[in-house]
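Quick notes on the structure that follows.
Every number in this text was worked out from the coordinates using simple rules, so none of it is lab data. What you see is a predicted model, and the numbers here were worked out from it, not measured in a lab. A quick note on method: Cβ atoms are made from the backbone with ideal geometry, for glycine too, and the neighbour counts reach across all protein chains shown.
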């Protein structure tokens, strides 16, 4: 199963809850699936693929070895077979029969995720973008060099609009029983009811242990997620903490989607100047993503990719975002 959601939408909370289920193992964010797709395409060479697995710092931190992947990969694997071997090795180390993924960056590469997990079920966690935006600007971490990631609240609004709309469209194109949309606000207001709904969707028996996620020692090691060490609390902050000008700009960029999702707008008719700024922010994000998506596959197929993995292994402390 795949957890979808824009950054700062509560996906880590849901991941920590579901990972406590005795039948489901969800590792920390992966990031490497689009990298491996760009390097190998639909039919990877198994020996070269496994060799690259040994270069990925995140897989190492999962406790998965190239040998464990090699044991599980077919002689002539499709891309989905090769990716499954990584996740199955991780699930086996946890003694669990099923696995999942939670990587918000994949919201921009849903086509690749679908190739990696052709039969997956998706749970899309949606949060009011204004609250998610406030959480984003408060983050201490920032992504490694990446043109396609936002650097401010307005850019985040453009990303939220683009990614939430794209995921909902993706969900409509999937077959029946493969896409579930869940509101963050419902999850924190009534965690048990929300988790029971998710378990029913995934055909898992509800386990009360999921509600005790905050007692896990692992949660205390997650930067920018200090609230994971306590039970979830309901509440929306943007009405009190977001400046009126910022709220108007956010709604000029993403207001139609905010209303479509049932959230109340504070500025249903932004000024002309703010609407013009909103158009520029949306266009800027689209251009940056297009440039990034054009350049990145070329880099990943070159020797630069392997050098970058060496750099990441040397500098990573398990908290940075590629």
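A compact table of results
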{"read-out": "Nearest 10 degrees, 0 to 90: helix 272-300 Cα axis against the chain principal axis", "value": "10 degrees"}
{"read-out": "Calculated [θ] (222 nm, deg cm²/dmol) that DSSP helices of n ≥ 4 give over the chain, each run adding -39,500 (n - 2.57)", "value": "-16500 deg cm²/dmol"}
{"read-out": "Nearest-ten-degree value, helix 303-315 long axis tilted from longest Cα axis of the chain", "value": "80 degrees"}
{"read-out": "In nm, spacing of pseudo-spin labels at residue 23 and residue 301 (7 Å Cα→C-beta vector)", "value": "4.2 nm"}
{"read-out": "Computed label-point distance, nm, for sites residue 67 and residue 151 using a 7 Å Cα→Cβ extension", "value": "4.5 nm"}
{"read-out": "For the range 76-125: rounded, prolate or oblate by the Cα gyration tensor [a/c cutoff 1.5]", "value": "oblate"}
{"read-out": "The chain: most fluctuating residue of 255, 95, 129 per GNM, C-alpha cutoff 10 Å", "value": "95"}
{"read-out": "For the range 21-69: rounded, prolate or oblate by the Cα gyration tensor [a/c cutoff 1.5]", "value": "prolate"}
{"read-out": "GNM top mover of 44, 104, 208 - the chain, alpha-carbon springs below 10 Å", "value": "208"}
{"read-out": "Tilt relative to the chain, helix 79-94 - C-alpha long axis, 0 to 90 degrees, to 10", "value": "90 degrees"}
{"read-out": "Förster radius 22 Å - calculated FRET efficiency between residue 243 and residue 139 (Cβ-Cβ, nearest 0.05)", "value": "0.75"}
{"read-out": "Average Cα contact separation per residue, the chain, under 8 Å, 6 or more apart, as relative contact order %", "value": "24 percent"}
{"read-out": "Projected area averaged over orientations for the range 19-178, convex hull of C-alpha atoms, nm²", "value": "10.3 nm²"}
{"read-out": "Pair residue 294, residue 190: separation of 7 Å Cα→Cβ label points (nm)", "value": "5.0 nm"}
{"read-out": "Extension gain, residue 311 back to residue 209 (0.36 nm per residue minus Cα-Cα distance, nm)", "value": "32.9 nm"}
{"read-out": "FRET efficiency for residue 275 and residue 169, using Cβ-Cβ distance with R0 set to 25 Å, rounded to 0.05", "value": "0.60"}
{"read-out": "Highest-fluctuation residue, 103, 11, 272 considered, GNM on the chain with Cα pairs under 10 Å", "value": "272"}
{"read-out": "At R0 = 35 Å, FRET efficiency that the Cβ-Cβ distance of residue 47 and residue 94 yields, to 0.05", "value": "0.85"}
